[in-house]
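Enquirer: The structure is given below, and queries will be raised subsequently.
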Amino acid sequence: MTTTVPGMRPNKLVSMDIDQLRGWAAFMDRAMIVSLIATLMAVAALGVTTWLSFRFSGAVRAQEHAVIDRYRGMEGHSVQLEQDVAAARERAAALEQEVSAARERAVALEQEAATARERAVAFERAAREASEQAARAAAERAATERAATERAARESAGETARTPMFDAAEIQQRLADLGKLVTQATAGAADPAPGSAAETPHPVQGPVQGESPSGSAAASRDGQPSALVSSLRKYAGAKAAVFVLDQLSDARAVGSTISATLGDAGWASQTWTWTGVAGIMGVVVLIKEGSDPATVEAASTLVEALRSAGFNATKGDWPADWRRFRGALYGPQTPGPTEAPIRIVIGAKPQ
């Protein structure tokens, strides 16, 4: 039955069958499933997006930290470089100061060396003047001695033998003084003055051996040269160098006599003129250090033979390097003046 109210629409009955309801229910189920799947996909997308966002943010932060650390390292390295540059500048300034000080010291050393050379030249000049004065004094003494000898010879023309000029004590004193003079003259060869060196021997015109031996002690005694030669022939072949002082005329005659005697005895001797040296008295026989016993024996025999022949001879050792000497030597260049192991120095006659 249908009731109708005035002014109102009547309600219509909607009738749906069971199939339609089932269709709507299936549709709603599908829609719900689709919405559920869409929700799950949205949630999954949101999770993936969130995870990717976190990863990207971490990578960005790591990159930023790396950049900041690199910048800090570069800043520290630049600071270290600036410090190294400052230290290098300080070292360069210190080196410049040291170089300047070294230059000043070099200039001071050059000045000192120049002053030392000037003093050495002055000392050498003074030594040369002293040598010249000593040579002049020795020549004057020799002239006085010759005059006294000639006067005594004229006064004692009838006498058969000469009386000795000195007694035994005075002769020993003279020999001791002679040894001191030889030591002083040869000691200078060990420490030559700065700026002066041993000159190379030069040849001289005319050998000293050719001078006349007249007036020598060996020629004034009958028979003595023969005894001298016979005593030295045992050492024939011995090498000797005869050094004759240039400023003494008597030394040339004595050197010529001794050189001729050695040649007669079979000795290999050469004569050189020695300049720039004074103060040596008599005949001095010197032996090279380290010579063999035969050479030492020959030198000793030569000293004794010269003494027995009337020469004022003494024996000694060269106190310096055998190859070094004062002054200059003039004579043969071969053999050299320093090769012979025996050296005979002819000095002034004792007063």
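Enquirer: The conditions are (1) in a loop (DSSP other than H, G, I, E, B); (2) closer than 28 Å to T144 by Cα; (3) open to solvent by 50 Å² or more (accessible area, probe 1.4 Å), and E289 fails exactly one of them. Which is it?
Expert: For E289, the exception is condition (2).
Enquirer: Give segment 308-351 a look and list any residue that's more than 25 Å from R141 (Cα to Cα), of a type in the set (A, V, I, L, M, F, W, C) and modelled with pLDDT under 85, or say none.
Expert: Matches in segment 308-351: W318, A320, F325.
Enquirer: Of (1) open to solvent by 30 Å² or more (accessible area, probe 1.4 Å); (2) in contact with a Leu (Cβ under 8 Å, 6 or more places away or on another chain); (3) modelled with pLDDT of 85 or more, A305 satisfies all except one. Which?
Expert: Unmet for A305, out of (1) open to solvent by 30 Å² or more (accessible area, probe 1.4 Å); (2) in contact with a Leu (Cβ under 8 Å, 6 or more places away or on another chain); (3) modelled with pLDDT of 85 or more: (1).
Enquirer: Only one of these is closer than 30 Å to Q133 by Cβ and either part of a helix (DSSP H, G or I) or open to solvent by 10 Å² or more (accessible area, probe 1.4 Å) (or both): S269, S300, S259. Name it.
Expert: S259
Enquirer: Okay, next question. Tell me yes or no: at least one residue of segment 336-343 is basic (K, R), assigned to a strand (DSSP E or B) and open to solvent by less than 30 Å² (accessible area, probe 1.4 Å).
Expert: The answer is yes, given that some residue of segment 336-343 is basic (K, R), assigned to a strand (DSSP E or B) and open to solvent by less than 30 Å² (accessible area, probe 1.4 Å).
The values are calculated or read from the model by the stated rules, or taken from the named source; none is laboratory data. It should be emphasised that the depicted structure is a prediction, and the values quoted were computed from it without experimental measurement. Please note: Cβ atoms are built from the backbone with ideal geometry, for glycine as well, and neighbour counts cover all protein chains shown. Just the protein is used for accessible areas: all its heavy atoms, side chains included, with ligands, DNA and RNA removed. Shrake-Rupley method; radii C 1.70, N 1.55, O 1.52, S 1.80 Å.
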